[in-house]
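Bear in mind that the values in this text are calculations on the coordinates, not laboratory data. Owing to the predicted nature of the structure, the values given are computational and were not obtained by experimental measurement. Note that we place each Cβ from the backbone using ideal geometry, even for glycine, and neighbour counts take in every protein chain shown.
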Amino acid sequence: MPERLRPTLAEAIARHGLDARKSLGQHFLLDPSITGRIAALPGPLEGRHVVEVGPGPGGLTRALLDAGAASVTAIEVDPRAAALIGELAAGEDGRLRLIEADATRLDLAGLTGTPRQVVANLPYNVGTPLLVGWLRQAALWERLTLMFQLEVAERICAAPDTDAYGRLAVLAQWVCTTDIVLRVPPGAFVPPPKVWSAVVRLTPREKQPDPVLFGAMERLTAAAFGQRRKMLRGALAGLGGEALLERAGIDPRRRAETLSVAEFERLAGCLVS
């Protein structure tokens, strides 16, 4: 539906009494110039089926529809926001579908056709676990375009031997190319968070690990970075320690943050072989 035929965001928010709730990690993005930019970041959306988690009042939802997405499936746990999105969906000729549920409990890839993408301003309190779940099934997604707190975005894209490099960087960069494509100041949100936010674009690699290898990588990175100040022979003692490291050709005196993603992949391969 063209924007001029919809209630304005301000009208919709007022009618539904929708204020952002800290308990739900909500910070609403209402500026149409910014939501429009975010909707353009995944590339052309014509023919794509988009999943949006935490649409709130629907600012980004409107931008995704206006960008030409074949469909938008909005997942919203807040009944106040769900009522607003449901009202918006009634005027969108079936292109917008609302699912009122907790996104962490859903198989989101099973909700829509292909090619499928996620584009979302993620609630702060569930962004990281949602991302890890999507990485486990990266082959099912064409692209993930996700807004996080800037600190989390930097952790996803961090290089080895930096303070931000850790488990999230290894998992994300192993199965996707990752780029910070937009930084957003606190003042763009209502209410303003205390920190900057950033949009990360993740594009799954052509070759993806099988579930067994991905599970091994999850265990490996959890152990390695769970005691990141220890040498790897100590941090990985429960997974084979020095014997595992020697099989992978990695000095057991090194620490987790010094290993490249390729070296972690080699270790994970040894763990399952």
statement: Between the alpha carbon centres of the stretch 172-229 and the stretch 96-131 the gap in Å comes to 16
task: Highest first, please rank the peptides 94-106, 74-86, 57-69 by the mean number of other Cβ atoms sitting within 10 Å of their residues.
output: 57-69, 74-86, 94-106
- prompt: What percent do you get for the relative contact order of the stretch 3-204 when only Cα pairs under 8 Å and 6+ apart count?
  reply: 20
- prompt: Each label point is 7 Å from the Cα along the Cα-to-Cβ direction; what then is the distance between the points at residue 80 and residue 243, in nm?
  reply: 5.8
task: Just grab the label-to-label distance for residue 40 and residue 262, each label 7 Å out from Cα along the Cβ direction, in nm (one decimal).
output: 3.6
field: Distance in nm between pseudo-label sites at residue 195 and residue 22 (7 Å out along the Cβ direction from Cα)
entry: 1.6
Percent of Cα pairs exceeding the 31 Å cut-off, where the set is the chain: 31
- line: Within the under-15-Å Cβ sphere about residue 186, not counting residue 186, Lys/Arg +1 and Asp/Glu -1 give a net charge of +1
Only Lys, Arg (+1) and Asp, Glu (-1) charged, at Cβ; the chain dipole about Cα centre in debye: 600
field: Which of 221, 63, 27, positive extreme of dipole for the chain (C-beta unit charges)
entry: 221
query: So what is the relative contact order of the stretch 55-136, in percent, for Cα pairs below 8 Å that sit 6 or more residues apart?
result: 29
- line: Per the rule of 0.36 nm per residue minus the C-alpha distance, extending residue 229 to residue 161 adds in nm 23.2 nm
message: Please report the projected area of the stretch 7-48's Cα convex hull averaged over all directions, in nm².
response: 4.4
query: Quick one: what does P(r) look like for the stretch 70-109 with 10 Å bins over all Cα pairs, in whole %?
result: 31, 52, 16
- request: Please compute the net charge surrounding residue 175, taking Lys and Arg as +1 and Asp and Glu as -1 over other residues with Cβ under 12 Å from its Cβ.
  value: -1
- prompt: Cross-link partners among lysines for residue 194, C-alpha distance below 28 Å, same-chain residues fewer than 8 apart left out?
  reply: 22
query: Do the sum for the chain: with -39,500 (n - 2.57) for every DSSP H run of n ≥ 4, divided by all residues, what is the mean residue ellipticity at 222 nm, to the nearest 500 deg cm²/dmol?
result: -11000 deg cm²/dmol
message: Using 10 Å bins from zero, what percent of all Cα-Cα pairs in the stretch 211-272 falls into each bin?
response: 26, 65, 9
